[in-house]
1. Do you know which residues across segment B:20-54 are of a type in the set (S, T, N, Q) and surrounded by fewer than 17 Cβ atoms within 10 Å (Cβ to Cβ)?
2. Exactly one of these conditions fails for residue A:81: (1) within 14 Å of chain B (Cβ to nearest Cβ); (2) modelled with pLDDT under 90. Give me its number.
3. State whether the residues of segment B:128-148 include one that is aliphatic (A, V, I, L, M), in contact (Cβ under 8 Å) with a residue 40 or more places away in the chain, within 14 Å of chain A (Cβ to nearest Cβ) and touching a strand residue (DSSP E or B) at 6+ places or on another chain (Cβ under 9 Å).
4. Does residue B:57 count as buried (at least 22 other Cβ atoms within 10 Å of the Cβ), within 13 Å of chain A (Cβ to nearest Cβ) and hydroxyl-bearing (Ser, Thr, Tyr)?
5. Tell me yes or no: at least one residue of segment A:35-42 is assigned to a strand (DSSP E or B), away from every other protein chain (no Cβ under 14 Å) and modelled with pLDDT of 90 or more.
6. Kindly check whether there is at least one residue in segment A:50-59 that is away from every other protein chain (no Cβ under 14 Å), surrounded by 23 or more Cβ atoms within 10 Å (Cβ to Cβ) and assigned to a loop (DSSP other than H, G, I, E, B).
7. For residue B:114, are the conditions met, namely being charged (D, E, K, R), open to solvent by 10 Å² or more (accessible area, probe 1.4 Å), away from chain A (no Cβ under 12 Å) and touching a helix residue (DSSP H, G or I) at 6+ places or on another chain (Cβ under 6 Å)?
8. May I ask you to verify whether residue B:47 is under 18 Å from residue B:154 (Cβ atoms), touching a strand residue (DSSP E or B) at 6+ places or on another chain (Cβ under 6 Å) and either without any contact (Cβ under 8 Å) to a residue 40 or more places away in the chain or in a helix (DSSP H, G or I) (or both)?
Amino acid sequence: MIFNTQYQGSSFVELLQKDFKQLLTNFNDLHIHEKDSSLSLTKGTTILSLCYADGVLIAGDRRAVEGNRISSRRIEKVYKTDQYSAMAVAGVAGLCIDTAKLFRTELEHYEKIEGEQLVIEGKANKLAHMIRQNFPAALQGLIVVPIFVGYDFQQQRGRIFKYDVVGGIYEEESYYATGSGGKDAKNTLKKLYRKPLDEEAALKLSIEALYDAAEEDAATAGPDIMHGIYPSIKTVTALGVRDVPQDRIESLYKAFLDSKLPDNE
Amino acid sequence: MPMPYYVSPEQMMQDKAEYARKGIAKGKSLVALEYADGIILAAENPSSSLSKISEIYDCISFAGVGKYSEFENLRKSGIRYADIKGYTYSRADVTGKSLANAYSQVIGNIFTKEIKPLEVEILVVEVGDIPEKNSMYHILFDGSISDYHQYSVIGGHAEVVNGFLREHYQELLSLDEALGLCHTALEKTTENKQISEEHLEVAILDRNIEGRKFRRIPLSELRARLKRA
């Protein structure tokens with residue numbers, strides 16, 4: 001009987017652990033060799049986020065790689081997790097997508113059972129627990145590294161939380177980037193980030209950072225004008241989570257590329 | 001050795017039903033009503049924190065009357081059921097019908113097997129992408145299930161409210177009008193009754209909202225809408 005669960009609390013992950021173990025993978029018994037896994041597993045790459053005047057922006061390129069092959073041009077790395085928060089994931093794609101789905105269900109489940117949302121630190125901490133539980137898998141190369149962003153109504157600003165493989169949680173003040181091209185994206189952000197920053201400027205900055213990452217890192221995709229594929233970007237503000245439309249990103253990219261042409265200088 | 005008294009099954013069921021019915025009759029009423037953009041749920045509820053109406057999933061909402069602790073338990077297991085199903089399959093596979101059936105099974109089992117039946121009456125409502133696909137399931141303390149269109153009432157004095165709605169219900173009401181109608185209908189339960197806005201719990205399933213369609217109507221908005229209605 002699906003109704004008689006042993007677990008009576010308000011966490012979805014704990015409910016799965018207690019009553020629906022078959023839906024979770026047990027990584028403790030798995031033994032994967034680093035060599036095999038790096039060849040056959042799909043990996044997602046560069047993600048970044050930055051705070052601006054109205055809140056916070058989170059973005060990711062769309063490429064997934066399998067060894068030195070591109071396995072997907074249209075993978076989604078940025079997810080809305082609830083009304084006022086979003087996350088982006090880098091690492092082993094299969095696990096990343098599931099983590100995002102599980103985390104979204106977790107937040108929603110809590111909100112429905114308890115009748116109110118967790119505060120932003122609560123959400124960020126919950127994600128840290130989930131990453132920590134993935135640690136046995138991370139030791140075997142199955143790594144998930146997310147960035148979590150949300151709007152904080154008490155402090156009236158956007159906030160960024162970064163994680164490491166052991167579930168360590170660190171708050172970033174202004175911007176952060178991770179994944180294979182994360183270092184290059186962060187360099188760009190570091191050089192060009194100035195406060196105050198409005199939405200338009202924040203979008204331009206994130207696009208430039210992703211472009212630089214794609215230039216240096218083979219596993220990060222640049223703008224794909226042929227297929228019409230551009231990075232996905234979401235903004236999180238007091239009004240909620242919003243997708244930046246693809247045509248807006250496209251026109252920003254085209255303007256950016258134009259400005260890079262030598263004739264314009 | 002003393003022999004246990006023989007009680008005929010008929011008598012036992014009747015006693016249980018009467019017991020449950022009494023418990024529910026003491027409570028206040030709750031209305032679910034289809035309007036132009038979805039379904040509105042309204043209840044007289046003096047408490048602002050212990051709610052009778054709740055979100056279950058994207059398009060599904062739950063409402064219960066009777067014993068709070070009992071329908072609260074049902075509500076939570078409904079959320080667990082829906083979230084597990086949505087996580088295992090897809091969000092579109094979570095339907096009001098399957099949830100209502102599961103509720104009916106559970107409540108029916110308790111009614112026949114336990115000494116004390118549940119003193120609850122619940123509604124499972126689901127908003128469809130077109131009005132014809134809306135559904136409202138009414139589940140009684142013994143697990144019997146029936147589906148309604150247009151409107152459905154549970155709780156004490158349900159007949160009176162039902163009678164009033166039979167005469168005054170119209171299709172495709174605006175939200176303001178539907179809210180006003182719910183308010184007047186709930187006031188019909190006793191003569192010259194006035195329900196203040198603070199004691200009204202209202203939520204809607206609005207098909208125009210993207211994703212999760214459940215929304216509570218806060219007091220300030222409730223006041224403004226009732227004034228316009």
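1. Start the filter on segment B:20-54 by keeping residues that are of a type in the set (S, T, N, Q), which leaves B:29, B:45, B:47-49, B:51, B:54.
If the condition is that a residue be of a type in the set (S, T, N, Q) and surrounded by fewer than 17 Cβ atoms within 10 Å (Cβ to Cβ), then B:47, B:48, B:49 are the ones that fit.
2. Exception for residue A:81: condition (2).
3. Checked segment B:128-148: no residue is aliphatic (A, V, I, L, M), in contact (Cβ under 8 Å) with a residue 40 or more places away in the chain, within 14 Å of chain A (Cβ to nearest Cβ) and touching a strand residue (DSSP E or B) at 6+ places or on another chain (Cβ under 9 Å).
4. Details: buried (at least 22 other Cβ atoms within 10 Å of the Cβ): yes; within 13 Å of chain A (Cβ to nearest Cβ): yes; hydroxyl-bearing (Ser, Thr, Tyr): yes.
Taking the combined requirement at face value, the residue satisfies it.
5. Filtering segment A:35-42 down to residues assigned to a strand (DSSP E or B) leaves A:42.
Then keep just the ones that are away from every other protein chain (no Cβ under 14 Å); that gives A:42.
Next cut, modelled with pLDDT of 90 or more only: none.
No; the residues of segment A:35-42 include none that is assigned to a strand (DSSP E or B), away from every other protein chain (no Cβ under 14 Å) and modelled with pLDDT of 90 or more.
6. Within segment A:50-59, none of the residues are away from every other protein chain (no Cβ under 14 Å), surrounded by 23 or more Cβ atoms within 10 Å (Cβ to Cβ) and assigned to a loop (DSSP other than H, G, I, E, B).
7. no
8. no
The values are calculated or read from the model by the stated rules, or taken from the named source; none is laboratory data. Note that the coordinates shown come from a computational prediction; the quantities given were computed from them, not determined experimentally. Cβ atoms come from the backbone with ideal geometry, glycine included; neighbour counts cover every protein chain shown. Side chains included, ligands, DNA and RNA excluded: accessible areas come from the protein's heavy atoms. Shrake-Rupley method; radii C 1.70, N 1.55, O 1.52, S 1.80 Å.
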